[in-house]
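Each remark here refers to the structure printed beneath this line.
No lab work stands behind these numbers, since they all come straight from the coordinates. None of the values given here were measured: they were computed from a predicted structure. Cβ sites come from the backbone with ideal geometry, for glycine too, and all protein chains shown count toward neighbours.
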Amino acid sequence: MPTELLQQAAADNHWAAIGPELMVGCLALLLLVLEIVLPKARHEIIPSVAVVGLLGIITGFVINYHTAFVGQTTFNGLLRHSGTGQFLRLFFLLAATGVSVLGIVALKRQKMPKVEFFAITLVVSGAMMLLAQANNFVMLFVALETVTVGFYILVSYTRTNPLSLEAGLKYLIMGALSSGILLFGIALLYGVAGNPALTAASADSMNFDALRVFLYANPDNIIAAVGIVLVLSGVAFKVGAVPFQIWIPDVYQGAPTPVTAFLAIASKAAGFAILLTLVTVFDGYQSLVVGVLTVMAIATILFGNLAALTQHNVKRLIGLSGVSHAGYLLVGVIAAIHVPFAVGAICFYLFAYLLGSLAVFGVMTHVSGDDDADQDMDHYADLAKTHPFLGVVLAVGLGSLAGIPPLAGFMGKLLVFLAAFEAGLYALLGVAILGVVISIYYYFGWIKAAFFPQWRPPVFEGDDPLPEPPRQVVSTPAGILLATAALASVLLGFYQGPLGAWLGLG
Amino acid sequence: MDLLLIAIVAPLVLALAMVLGLPKALARNLAYLGFALPAVIGIILWCQFDAAAKESTYAFLTTYDTGLTGLGINLTLGLNGISLPLFVMAGIVGLAAGLYALQSAAERLNHYVTLLLVMQGGLMGVFASVDVFFFYFFHELALIPTFIMVGIWGGRDRNYAAMKMTIYLTVGAMLSLIGLIAIYYTSGAQTFDMIALREAIAAEGLSTVAQRNIFGLLMFGFGILVSLWPLHTWAPLGYGAAPSSVAMLHAGVLKKFGLYGLIQVALPLLPEGAAHWALILATLGVVGNVLIIGVVAMAQRDLKQLVGYSSVMHMGYAFLGVACLSVVGVGGVVFMMVAHGFSAALLFLLATSIHHRTQTFDLDEMGGLVKSAPVLSAFFVAATLASIGLPGFANFWGELTIFVAAWQVFPTLTVIAIAGVVISAIYGLRAAAKVFFGPPTEAFAKVLQEQPATDLTWSERLPALLLLVALLAFGFWPKLMTDSINESVAEIYPAVETTVPADVARN
Amino acid sequence: MGVGLTEYLTVAAVVFAIGFVGVLVRKNTLVIYMCLELMLVASTIAFVAFSRFNGTMEGNVFVFFILTVAAAEVAVGLAIIVALFRRRQTVQVEELNALKN
């Protein structure tokens, strides 16, 4: 029994390096234990435990942000800790916190078991954090599947609601399909890079570093090219890039609003985390990767914006507008091949998107009625008059998503566009600008619905007056979340200070 | 303390405080301060400007790090001879608009004032920024409240007008942003700092093709924002719907952003590109804005639309002046921008005051207001004369200088432009005559019976007086402004030959 | 002449293609689900074949992960399908179209 080998392998297992992920996992387990231990009447504190626990983990993480592991690989090359990875870990923790707060608000109205939602959210975010640091296809696949399977459950969480189940089924089929495609691509890459007959073949061909070296040495391998295209397609499903975006409107509409937020924010960011890693791995096939991504980016921006124009259901609208955001981010990914600061730009964009989306989804959670899937633009009539706070938060969030200066979203777009310009992607830039102009129209339409006085059909005597659109009272934690998201969106537009420095932009 | 920063931040901080729930009465009193501070600071800086130390024409330079130094983006504030008069004008017009708004009986006045304060902060920032990025940024900061205010507090067609303004102005802003980013990269300076950009381009120089393309982008981008014909259609509609203070600030000040960008950024950095496009710009300005819009304005029956069209029309002179590419022409444009800022704001203010008394903007339904409101009519006639460009008012010097400069380059267009003065006299005086003189119409007599018209109240007179005094001051004493303008323009445009002695502009 | 890598890969590719086309054209959710499993199986075949012919163990290890993940997916997926069938009394995709504008 070659125990030395095992010992040697274990020496590389720095558990401290994945401390935050472990804590997130333990927190998830703790929630389940609490559910068993606590009497039923006390169960409502469990979600608060999740949020407080997450805030604690975030605090600890920020304190230890500049950990010694940055720049190293651990666990036998399964994980690579990088500055971008650190930022994305923080990003997923913040997203999980926001989604948990929204979950508390939304689940109050459902007769649903409440604990599992938070436990699964935690597990999924832990997996995303690992995903952002994956340096090996095994790690990538397992983490990605943990995320995906977790989302199957979350999307169909309100199982008494057929719409939620239908969305869950659609997400299931599409998610499994993309996993299958991704997996087959991985198999091809693994096989071709491990072929001893080829130069620079590696015994450890799942490892990104080895694969990168191999792809450099064999720039014309057809099987490798097919594998790359399949892997990119699989990832494109996750970020919702055209032509793999078909699931987005239905799933976004049917899923419970907090889950939609989680999908829009974290799932997309996770996809881009993978893409950023893979683009460097596939460096040897640059022209192929750039070609595929360019076509995708153009189609994604145009489709997302044009399809969003006609939407009246705000959940579908935000989903399709999210597609267009994926398009802008793809432009950033392409730029990142040549321009180093583009990675920082993408991170900033994602962060601005996180804040803007949390603000908008937070308002949606409060405005939605019993039927979570039926959220029409008309429900927002006079929101600014009856709930000025929600109105302002909505306007700031949408403005930031639309990229209106001086909000954070504008800076994100500007940074990505600057990177694209430096990389010389003029055609893509033109399409992106066109997309931004189109998007102003529907974002503004939504703000208009909430702010500008609307025409109402006159109510005659004897008729029942139109039912008031349902609106929730804003609880303190939700209020803090919304106010933070909105204020941060404004402040980050004016002053990027420490965040810019973190991302290497300062 | 950096006065420039205070002038920008004070209104913004007040606006934020009002959002966060300052008590209403206190907020309103503080709002006076928020509007007054920029104006006062503007005048103080103006007095100090001649003595101040200057670095490549800019005085009061300060730089703040906002976290994007790595990309060459810093908040750099400063004023030169071109931005100083506009900065002062923005302060004074802002004060007038603020005073007028605070006395108005708008619904949800606090929100209205809050947005107006944001706009004011943005406006001060536009003219105080030496960094091209922040110059753009502050413009957008001022623009967003404009859309919202038009949409909520606007008059007829406000939804359509707000939407149209948003789309047009966003497209314009995006085009100019691409142009600015293109300058950023092609100059090789990798910075948005105007001074560094100038130095980099003076050392390297851009290729002719790049200059032409970028100038084209900027010309149409900025052109949309300044309502260059035929991309002007948002303007009369938007101003027609906009509440008075917003129209004052946008038509008076914010619109000048595009011209200011052309003068401060595009012309000095891209001289060859400018030469390539000059004839097109001048033709569009004179034939499109002055002639066609002038004729359209003559056909207007709605007072506010008329003022809106007149504001679009006068931008034609500015385009002509810019297209001269000479120190004199540009100096004239700067002078005219300031003068037009005051006169356009005054006209919008008075148009709204008239509406309060007549309950209509329809010229055919008014008449004889002079009997009940003599002060109002005096103000209106003065403002109309100023806008036509009669000697004694600031507009005269601006237009005269532009004509003198343009005569050397585009004689035919200059003749048409001068004919435009006659057009503006026709519709301006006709409007004044219809509103104030002659017998009241039947419909209007009924309104008067129900609600006898009062003369301008003091709270309306004060802002109007502020603007009129400024117009007259620069009209009788243009040297107040011309010295500093000439000095800066001459230094920024060293390559372009002066065909006319600079003394003419100094009149 | 024994069975070589090419043959294994051909089988894998054919199975993958059958699964992929099946997902796109079949109407019954359960059949679609089986097709998805076919795609995973195709990858498994490819992994094992590559592992055998390249002489590296990683492919075999990966297969264990695939099996585990597929099991989890099936558990969740069938639960969703059953719950949906209880509500709607159908598993035909063309009848599951309540989500739209």
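Treating the beta-carbon of each Lys and Arg as +1 and of each Asp and Glu as -1, no other charges, what is the dipole magnitude of the stretch C:5-95 about its Cα centre, to the nearest 20 debye? It would help to have the intermediate numbers written out before the result.
Values: 6 positive and 6 negative charges, 65 e Å.
In total the dipole reaches around 320 debye.
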Residues whose placed amide H lies under 5 Å from that of B:ASP302, excluding near-sequence neighbours:
B:LEU363
Dipole magnitude of the protein assembly as shown, debye to nearest 20 (Cβ charges: Lys/Arg +1, Asp/Glu -1, about Cα centre)
1500 debye
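Given R₀ = 25 Å, FRET efficiency for C:MET34-C:THR6 by Cβ-Cβ distance, to 0.05? Write out the running numbers ahead of the final one.
Working: r = 27 Å, r/R0 = 1.08.
E between C:MET34 and C:THR6, to the nearest 0.05, is 0.40.
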Cα-Cα P(r), the stretch B:75-163, percent of pairs per 10 Å interval
17, 42, 30, 11, 0
Provide Rg and Dmax in Å for the stretch B:92-142, with only Cα atoms included in the calculation.
12.4, 39
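Using the Cα centre of chain B as the reference point, and only Cβ charges (+1 on K/R, -1 on D/E), how large is the resulting charge dipole? Debye, rounded to the nearest 20.
Numbers: 21 positive and 26 negative charges, 235 e Å.
Here the size comes out at about 1120 debye.
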Compute the angle between helix A:208-217 and the longest alpha-carbon principal axis of chain A, please, reported from 0 to 90 degrees and rounded to the nearest 10.
60 degrees
Please list, ordered by chain and number, the residues whose modelled amide H lies under 5 Å from the amide H of A:ASN136; skip anything fewer than 5 residues away on the same chain.
A:PHE208
Search the structure for amide H atoms under 5 Å from the amide H of B:THR76, placed 1.01 Å from N in the peptide plane, and list their residues when 5 or more places away or on another chain.
B:TYR64, B:VAL130, B:ASP131
Overall Cα dimensions of the protein assembly as shown, principal axis frame, Å, largest first
105, 78, 51
Whole-Hz ³J(HN,Hα) from phi, Karplus 6.51 cos²θ - 1.76 cosθ + 1.60, for the stretch B:413-423, glycine and proline x:
4, 5, 4, 4, 5, 5, 4, x, 4, 5, 4
Among B:VAL333, B:VAL13, A:VAL290 the positive-end extreme of the charge dipole of the protein assembly as shown (Cβ point charges)
B:VAL13
Descending principal axes extents, the stretch B:350-507, alpha-carbon based, whole Å:
65, 35, 20
Calculate, axis by axis, the spread of Cα positions in the stretch B:16-109 along the three principal axes, and write the results as whole Å, longest axis first.
47, 33, 17
How large is ³J(HN,Hα) for each residue in the stretch A:275-292, as worked out from phi by the Karplus curve 6.51 cos²θ - 1.76 cosθ + 1.60 (θ = phi - 60°), to whole Hz, x for Gly and Pro?
4, 4, 5, 5, 4, 6, 5, 8, 4, x, 10, 3, 5, 5, 4, 4, x, 4
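To the nearest whole number, what is the average tally of beta carbon atoms from other chains within 10 Å of the beta carbons of peptide C:50-57? Mind dumping the intermediate values first?
Working: counts 10, 4, 0, 5, 12, 4, 12, 1.
Taking all residues of C:50-57 together, the mean is 6.
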Given A:482-492, B:435-445, A:159-169, the highest-first ranking by average Cβ count within 10 Å works out to A:159-169, A:482-492, B:435-445
Unit Cα scatterers, Debye sum, the stretch C:1-51: log10 I(q)/I(0) for q = 0.13, 0.20, 0.23 Å⁻¹:
-0.33, -0.62, -0.74
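So if the hydrodynamic radius of the stretch B:3-506 is defined as the Kirkwood radius over C-alpha pairs, what does Stokes-Einstein give as its diffusion coefficient at 4 °C and 1.567 mPa s, in µm² per second?
Numbers: Rh = 22.5 Å.
Using the Kirkwood radius from Cα pairs, D works out to 58 µm²/s.
To one decimal place, what orientation-averaged projected area in nm² is obtained for the convex hull of the Cα set of the stretch A:63-200? Intermediate results must be reported in sequence, preceding the final value.
Numbers: hull surface 41.9 nm².
For the Cα atoms of the stretch A:63-200, the hull's average projected area reads 10.5 nm².
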Kirkwood hydrodynamic radius of the stretch B:272-333, from inverse mean 1/r over distinct Cα pairs, in Å:
12.0 Å
Tell me which of B:ALA275, B:THR146, C:LEU67 sits at the most positive position along the dipole axis of the protein assembly as shown, charges placed on C-beta atoms (Lys, Arg +1; Asp, Glu -1).
B:THR146
HN-Hα couplings for the stretch A:189-201 via Karplus (6.51, -1.76, 1.60; θ = phi - 60°), in whole Hz with x for Gly/Pro, come out as 4, 4, x, 6, 6, x, 5, x, 6, 9, 5, 6, 5
Could you list log10 I(q)/I(0) for the stretch B:209-319 at q = 0.14 Å⁻¹, which the Debye formula gives when each Cα is one point scatterer?
-0.54
How long are the three semi-axes of the equivalent ellipsoid of the stretch B:56-114, in whole Å, if each is the root of 5 times an eigenvalue of the C-alpha gyration tensor, listed from largest down?
33, 19, 6
If one puts a single equal scatterer on every Cα of the stretch C:5-95 and applies the Debye formula without solvent, what log₁₀ I(q)/I(0) results at q = 0.14, 0.18, 0.20, 0.21 Å⁻¹?
-0.59, -0.83, -0.94, -0.99
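What number results when the radius of gyration of chain A, computed over Cα atoms, is divided by 2.2 N^0.38 Å? Before the final figure, lay out the partial values.
Numbers: Rg = 22.7 Å, N = 506, 2.2 N^0.38 = 23.4 Å.
Rg over 2.2 N^0.38 Å, computed on Cα atoms: 0.97.
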Once you average over the residues of B:164-175, how many Cβ atoms of partner chains fall within 10 Å of each Cβ?
3
Can you find, among B:GLY392, B:TYR309, B:ASN486, the residue sitting farthest towards the positive end of the charge dipole of the stretch B:3-506, where Lys and Arg contribute +1 and Asp and Glu -1 at Cβ?
B:TYR309
Length-normalised contact order of the stretch C:5-95 in % [C-alpha pairs under 8 Å, at least 6 apart]:
30 percent
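Rg to Rh ratio, the stretch A:137-221, alpha-carbon atoms and Kirkwood radius? Don't skip to the answer; put the middle values down first.
On the way: Rg = 17.8 Å, Rh = 14.8 Å.
Expressed as Rg/Rh, it is 1.21.
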